[in-house]
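The values are calculated or read from the model by the stated rules, or taken from the named source; none is laboratory data. Everything quoted here is computed from the prediction, not taken from an experiment. We place every Cβ from the backbone using ideal geometry, glycine too, and count neighbours over all the protein chains shown.
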Amino acid sequence: MDTTSGTDRDTRMADRFSAGISYLREHDRLATGLLVSPPYAFLLLFFALPLVAMLLISFRAGTVDGPWTLENYRQFLFTEVYRVILWRTFVITVKVTVIVVIVGYALAYSIVRFSRRTTLLLLLVILPFWTSYIIRMYAWINILQSDGVLDSTLSLVGLPPVGLLYSETAVLIGFTYVWLPLAILPFYASLANMDPDLIEAAKDLGAGPVKAFFTVTLPTTINGVVTGTILVFIPTFGSFLTPRLLGGTNNVMIGMIVENQFKTAFNWPFGAAIGMVLSAIVVALLIAAGKAGANLIGGEG
């Protein structure tokens, strides 16, 4: 009797499941909604709601429950020192992005075109990610500081010490080291998926190596270039740890101001206002980058 009852129950459950599947097949929108609702719920809970909370806080005065005001935005946008820091942040970010994109693309191109040990080389590329970010920065402090590893090496070959620590050059070196692996991966993926016959066809039509690169290779892999550029630009623009450790007080970036408002000054509304402005700038740049990439692809098509 128990076996029969269990069989009947399983049969009823199977029938209900089949009926549910049939119902979803007849209602495509409901099926699509059930499928996409978990990721949308995740984004709403962990991205949209915190962003809205910070937006509301940014309109408060002094504390998170202070009176409503626009003073935080006015103070940031119309105070010269903040404009100078914001411009310096943008310039450093552009420099880092250009350096990383050029070096990273060259390395990825070399791995794809001229190496047979791609797995080993890619492992070496991602190897720094296995070490703590802070440990890597302190390693660079030891290398770049006066009488550090770099200066000692220069002394051995008869060159004068340079003492790069606490300079913009040190910040550029630190950022390049940190984000280079992150850019190489999308560059490598786009180059590895490119049809090599396209390059051979360009050469057969009379294009030299340089012309073939700019007319075939680069346009074909532009999606990877845009992705790598975004992956470098966004974290650099908001970073505070690398410039704090390697740049010192002469290379303050806007991320350091935001971190200071939250952790030292305890002026969360002002820090949130700066964060909202930075977010708006990043979104605008992302839209511009996406349109530029689409135009390049469309122009080549």
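So which pairs qualify, if the first residue must be in region 156-168 and in a loop (DSSP other than H, G, I, E, B), the second must be of a type in the set (D, E, K, R), the Cβ gap must be under 6 Å, and the two must be at least 6 apart or on different chains?
That search, which allows pairs on different chains as well, returns 161/151.
Please go through region 182-209 and pick out each residue that is under 17 Å from residue 232 (Cα atoms) and outside any helix (DSSP H, G or I). Break it down into steps so the answer makes sense when it comes.
Within region 182-209, the first condition is being under 17 Å from residue 232 (Cα atoms), and the residues that meet it are 182-190.
Residues satisfying the conditions do not exist here.
Let's see how each residue does on (1) loosely packed, with under 12 Cβ neighbours inside 10 Å; (2) over 13 Å from residue 277 (Cβ atoms); (3) outside the structural domain of residue 181 (by TED's automatic domain parsing):
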| position | (1), (2), (3) |
| --- | --- |
| 79 | yes, no, no |
| 90 | no, no, no |
| 95 | no, yes, no |
| 98 | no, yes, no |
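Suppose we filter region 141-154 for residues that are among the polar types (S, T, N, Q) and crowded, with 16+ Cβ neighbours inside 10 Å; how many remain?
Filtering region 141-154 down to residues among the polar types (S, T, N, Q) leaves 142, 145-146, 152-153.
Still in the running and crowded, with 16+ Cβ neighbours inside 10 Å: 145.
So the answer is 1.
Return the pair list, or none, for Cβ contacts closer than 6 Å from residues in region 193-210 that are outside the structural domain of residue 224 (by TED's automatic domain parsing) to residues that are exposed (fewer than 10 other Cβ atoms within 10 Å of the Cβ) and assigned to a helix (DSSP H, G or I), at least 6 apart or on different chains.
Short answer, once both residue conditions are applied: none.
Kindly list, by first and then second residue, each pair from a residue in region 281-292 that is under 17 Å from residue 93 (Cα atoms) to a residue that is among the β-branched types (Val, Ile, Thr), limited to pairs with Cβ atoms under 6 Å and residues at least 6 apart or on different chains.
282/234; 289/226
Among the listed residues 297, 254, 199, which satisfies the condition of being at pLDDT 85 or above and either out of contact with any Phe, Trp or Tyr (no Cβ under 6 Å at 6 or more places or on another chain) or buried (at least 21 other Cβ atoms within 10 Å of the Cβ) (or both)?
It is 254.
Looking only at region 210-248, count every residue that is in a helix (DSSP H, G or I), among the small types (Gly, Ala, Ser) and under 22 Å from the mean Cα position of the chain (by Cα) and tell me the total.
From region 210-248, those in a helix (DSSP H, G or I) are 210-220, 222-238, 241-248; that's our starting set.
With the extra rule that they be among the small types (Gly, Ala, Ser), the set shrinks to 212, 224, 228, 238, 247-248.
In the following step, the residues that additionally are under 22 Å from the mean Cα position of the chain (by Cα) were identified as 224, 228, 238, 247.
Looking only at that region, the number is 4.
For the condition within 18 Å of the chain's Cα centre (by Cα), of a type outside the set (A, V, I, L, M) and loosely packed, with under 15 Cβ neighbours inside 10 Å, what is the one hit in 177, 133, 138, 188? It would help to see each step written out before you state the result.
Numbers: 177 fails: loosely packed, with under 15 Cβ neighbours inside 10 Å; 138 fails: within 18 Å of the chain's Cα centre (by Cα); 188 fails: loosely packed, with under 15 Cβ neighbours inside 10 Å.
Exactly one residue qualifies, and that residue is 133.
Hey, residue 240 hits all of (1) closer than 30 Å to residue 117 by Cβ; (2) without any contact (Cβ under 8 Å) to a residue 24 or more places away in the chain; (3) out of contact with any Leu (no Cβ under 7 Å at 6 or more places or on another chain) but one; which does it fall short on?
The single condition residue 240 does not satisfy is (1).
Does region 130-155 hold any residues that are closer than 23 Å to residue 179 by Cβ, in contact (Cβ under 8 Å) with a residue 12 or more places away in the chain and assigned to a helix (DSSP H, G or I), and which are they? It would help to see each step written out before you state the result.
Taking region 130-155 as the starting set, the residues that turn out to be closer than 23 Å to residue 179 by Cβ are 130-145, 148-150.
If we keep only those that are in contact (Cβ under 8 Å) with a residue 12 or more places away in the chain as well, we get 133-134, 136-138, 140-141, 144-145, 148, 150.
Those that are closer than 23 Å to residue 179 by Cβ, in contact (Cβ under 8 Å) with a residue 12 or more places away in the chain and assigned to a helix (DSSP H, G or I): 133, 134, 136, 137, 138, 140, 141, 144, 150.
Would you confirm whether or not region 53-61 contains a residue that is outside any helix (DSSP H, G or I), over 21 Å from residue 254 (Cβ atoms) and at pLDDT below 95? Reasoning before the result, please.
Restricting attention to region 53-61, the residues satisfying the condition of being outside any helix (DSSP H, G or I) are 58-61.
Filter once more, keeping what is over 21 Å from residue 254 (Cβ atoms): 61.
This time we only want the ones that are at pLDDT below 95, so: 61.
Yes, because at least one residue in region 53-61 is outside any helix (DSSP H, G or I), over 21 Å from residue 254 (Cβ atoms) and at pLDDT below 95.
So residue 162 fits all but one of (1) among the hydrophobic types (A, V, I, L, M, F, W, C); (2) closer than 26 Å to residue 251 by Cβ; (3) crowded, with 19+ Cβ neighbours inside 10 Å; what number is the exception?
(3)
Can you pull out every residue in region 87-129 that is among the small types (Gly, Ala, Ser) and outside any helix (DSSP H, G or I)? Explain how you work it out, then say what you get.
Residues of region 87-129 that are among the small types (Gly, Ala, Ser), as a first pass: 104, 106, 108, 110, 115.
Hit for region 87-129 is 115, nothing else.
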